[in-house]
Ligand code: ADP
Ligand code: MG
């Protein structure tokens, strides 16, 4: 079953860009067909007009025998035809763009949903700005292509063939003459096209770099100011900016050649037609009417080629954008539910790490340095276990393995005896609450930020959680109470307040397993004391893993594990470890003397 799934995914990837692109039209067939019918009508009008003119010239416009009534009736019909063509133009512009935007929205929905699926290791390696660019700029070109592409190709081919057949019928020698210039033009178009797609890809990359630079600089604006490094930031930015100018210039150079070349071909066609018709007229083999009609046809002949050329430009841009879009879509999440994953329910909270080894992936996808090696740790339900040790020892890593933010390299982790790889991610993560040092608040009201712990919570439940997390009073003092909007990163809240918001979230979530990762490290002792009360309330009856920098906060834990780069080196209660006089005692004494000196 799993193999089949993987296989179908692989063939999916092998499908050419065009086929994948075309699939996006499927839900919008109605719009697409209306758009195309209008486009067809426009082509028909364009092809018929010279024919109608020819008919009028030949049959009614005679000085000796004027034929007013049918002539003006025919002209009236022409006006009607052009009114209808105007409606068609309106429809194509309006509905066509709507079609493009609908397709863009579908693609953006897909890519956004996919981004939600990708795991920690993907976000470790990606730059936010570049991702942003893929969801916005890249897709804009795709929209343009989605809308104009099929329509332009369709109108062009119909008009081109229609005009050619009409010209053959009127004066085949001139028609043959014109058709022979077409291969030359096509050769020219093809030659520049490859160049154009390469340069347009570079432009896209340039835009992505700029976006990433801007994103990084804006999020780091405060650091830049603190170090008065604004001019350094500007210099750094200028690098990306000049790469952008260079690639855009290369692109415009090709575009210049393109437009100039196309114009040359069009003008030459005009001259050729005049030259050869002149010859035929002088030899008495053709009349003036035919010349006029042919001159009218030249535009129906060159416009499609011009359109196709524009299309090839658009195609290059759009496909480059689409390719980057599919690249992102094809990045498979490294951690997914197993095919027969069960739902983890009625969790007691017995946790066991068995012979666990783990290493982070480097940028080129290798896993070299092991952060954890052959680690064993057993935690019984309801127990509070503290992890202490030097920073960089792998405490956070250990905690991130439990909700499967990263996958273990070796060994296994079980919750109530179930290997975490055999249960669904959603059910596993629903049962684990994490409070970290760095709290992210969404740009929304404080109430919605708390609600994030349980989207279905009622206001009443939110208030209760806030009270339990000791943040209620603070919120009541805010200008709009629970409806106060907190900034993108919760700028208006202090560190301690943000911390308590995140505790309130966990109260709402109410998971049987709790992880507190240096949750109080950034806070002063007075605030910490307040939050510790909330934590004690929170961890009651839950299996709790606490990481703390200050040993004073973990002394009440049932067991304390000392972790350094060798793994767990000591374990026991506070008193036991002190008595043993090992690593823990060293840490303890170091901190005590540190605080005494302070
Ligand atoms: P602790 O929480 O004990 O301070 P961590 O678990 O955060 O330690 O880090 C352990 C080691 O793993 C460190 O050497 C750190 O540089 C590395 N590390 C942490 N997070 C990542 C990551 N996302 N990608 C690569 N290496 C990481
Ligand atoms: Mg840490």
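Relative to the longest principal axis of the Cα atoms of the chain, helix 137-170 runs at roughly 20 degrees. Taking each residue as 0.36 nm, the span from residue 176 to residue 249 lengthens on full extension beyond its C-alpha to C-alpha distance by 22.4 nm.
Looking at the square roots a ≥ b ≥ c of the eigenvalues of the Cα gyration tensor of segment 67-189, which shape do they give, rounded for a/c under 1.5, prolate if a/b is larger than b/c, or oblate? Oblate is the answer for segment 67-189, as a/c is 1.5 or above yet b/c matches or exceeds a/b.
The stretch between residue 236 and residue 90 holds 47.9 nm of extra length on full extension. This uses 0.36 nm per residue minus the Cα-Cα distance. Note on residue 323 and residue 55: the extension gain reaches 91.5 nm, defined as 0.36 nm multiplied by sequence separation minus the Cα-Cα distance. For segment 408-548, pairs of C-alpha atoms spaced more than 20 angstrom apart make up 47 percent of the total. With a simple spin-label model that places each label point 7 Å from the Cα along the Cα-to-Cβ direction, the separation between residue 48 and residue 154 comes to 1.9 nm. In this entry, segment 246-318 is assigned a mean projected area of 5.3 nm², taken as a quarter of its C-alpha convex hull surface. Note on the chain: antiparallel DSSP beta bridges, both residues inside, total approximately 50 percent of the bridges counted. In segment 422-465, whose amide N lies under 18 Å from the spot 7 Å out along Cα-to-Cβ of residue 521? List them in ranges. Under 18 Å, as judged by backbone N against the label point of residue 521, lie 434-440 of segment 422-465. Ranked by the mean number of other Cβ atoms within 10 Å of their residues, highest first, the peptides 562-572, 136-146 come out as 136-146, 562-572.
Note: relative contact order over the chain, using C-alpha pairs below 8 Å and six or more positions apart, is 14 percent.
Per-residue ellipticity at 222 nm computed for the chain from its helices equals -22000 deg cm²/dmol, with DSSP H segments shorter than 4 residues left out and the rest contributing -39,500 (n - 2.57). A viscosity of 0.890 mPa s and a temperature of 25 °C, combined with the Kirkwood radius over Cα pairs in Stokes-Einstein, give a translational diffusion coefficient for the chain of 81 µm²/s. If I fit a long axis through the Cα atoms of helix 230-282 and take the longest principal axis of the Cα atoms of the chain, what angle between them do I get, 0 to 90°, rounded to 10? Approximately 20 degrees, to the nearest 10. For segment 178-210, no residue has its backbone nitrogen under 14 Å from a point 7 Å from the Cα of residue 296, taken along Cα to Cβ.
The average projected area of segment 361-420, computed from the convex hull of its Cα atoms over all directions, is 4.9 nm².
Ordering 207, 415, 87 by the number of other Cβ atoms within 10 Å of each residue's own Cβ, fewest first, gives 87, 207, 415. Between the beta carbons of residue 467 and residue 540, assuming R0 = 22 Å, the FRET efficiency works out to 0.90 to the nearest 0.05.
With a Förster radius of 30 Å applied to the beta-carbon distance between residue 19 and residue 191, the computed FRET efficiency rounds to 0.70.
Segment 239-256 and segment 406-425 have Cα centres lying 50 Å from one another.
Computed on segment 428-517, with alpha-carbon pairs under 8 angstrom and 6+ residues apart, the relative contact order is 54 percent. When the P(r) of segment 134-249 is calculated, the portion above 17 Å amounts to 73% of the C-alpha pairs. Note on segment 323-384: Rg/Rh from Cα positions, Kirkwood definition for Rh, rounded to two decimals, is 1.11.
Measuring between their Cα centroids, segment 373-389 and segment 523-592 lie 12 Å from each other. Computed from the C-beta positions of residue 590 and residue 555 and an R0 of 22 Å, the FRET efficiency is 0.90 to the nearest 0.05.
Among 53, 391, 539, sorting on how many other beta-carbon atoms sit within 10 Å of each Cβ, with the fewest leading, yields 391, 53, 539. With viscosity 0.692 mPa s and temperature 37 °C, the Kirkwood radius over alpha carbon pairs of segment 193-251 converts through Stokes-Einstein to a diffusion coefficient of 267 µm²/s. At the listed q of 0.14, 0.26 Å⁻¹, the Debye profile of segment 68-130, built from one uniform point per Cα, gives log10 I(q)/I(0) equal to -0.65, -1.02.
When a/c is below 1.5 the answer is rounded, else prolate if a/b is larger than b/c, else oblate, so apply that to segment 519-558 with a ≥ b ≥ c taken from the square roots of the Cα gyration tensor eigenvalues. The shape class here is oblate. Compute the Cα gyration tensor for segment 98-138, then decide on rounded, prolate or oblate, letting a ≥ b ≥ c be the square roots of its eigenvalues: rounded whenever a/c is under 1.5, prolate when a/b is larger than b/c in the other cases, and oblate in all that remain. Judged from the Cα gyration tensor, segment 98-138 comes out oblate (a/c at least 1.5, b/c at or above a/b). Between helix 459-468 and the chain there is an angle of about 40 degrees, using the helix long axis and the longest principal axis of the Cα atoms. Ordered by the count of other Cβ atoms within 10 Å of each Cβ, fewest first, 354, 253 give 253, 354. Across segment 290-448, the volume of the C-alpha convex hull divided among the residues equals 245 Å³ per residue.
Whole-percent P(r), segment 207-343, all Cα pairs, 5 Å bins from 0: 2, 7, 9, 9, 9, 9, 9, 9, 7, 6, 6, 5, 4, 3, 2, 2, 1, 0, 0. Cα-based values for segment 491-598, radius of gyration first and Dmax second, are 15.1, 46 Å.
Bear in mind that the values in this text are calculations on the coordinates, not laboratory data. What you see is a predicted model, and the numbers here were worked out from it, not measured in a lab. Ideal geometry is used to build each Cβ from the backbone, glycine not excepted, and the neighbour counts take in all protein chains shown.
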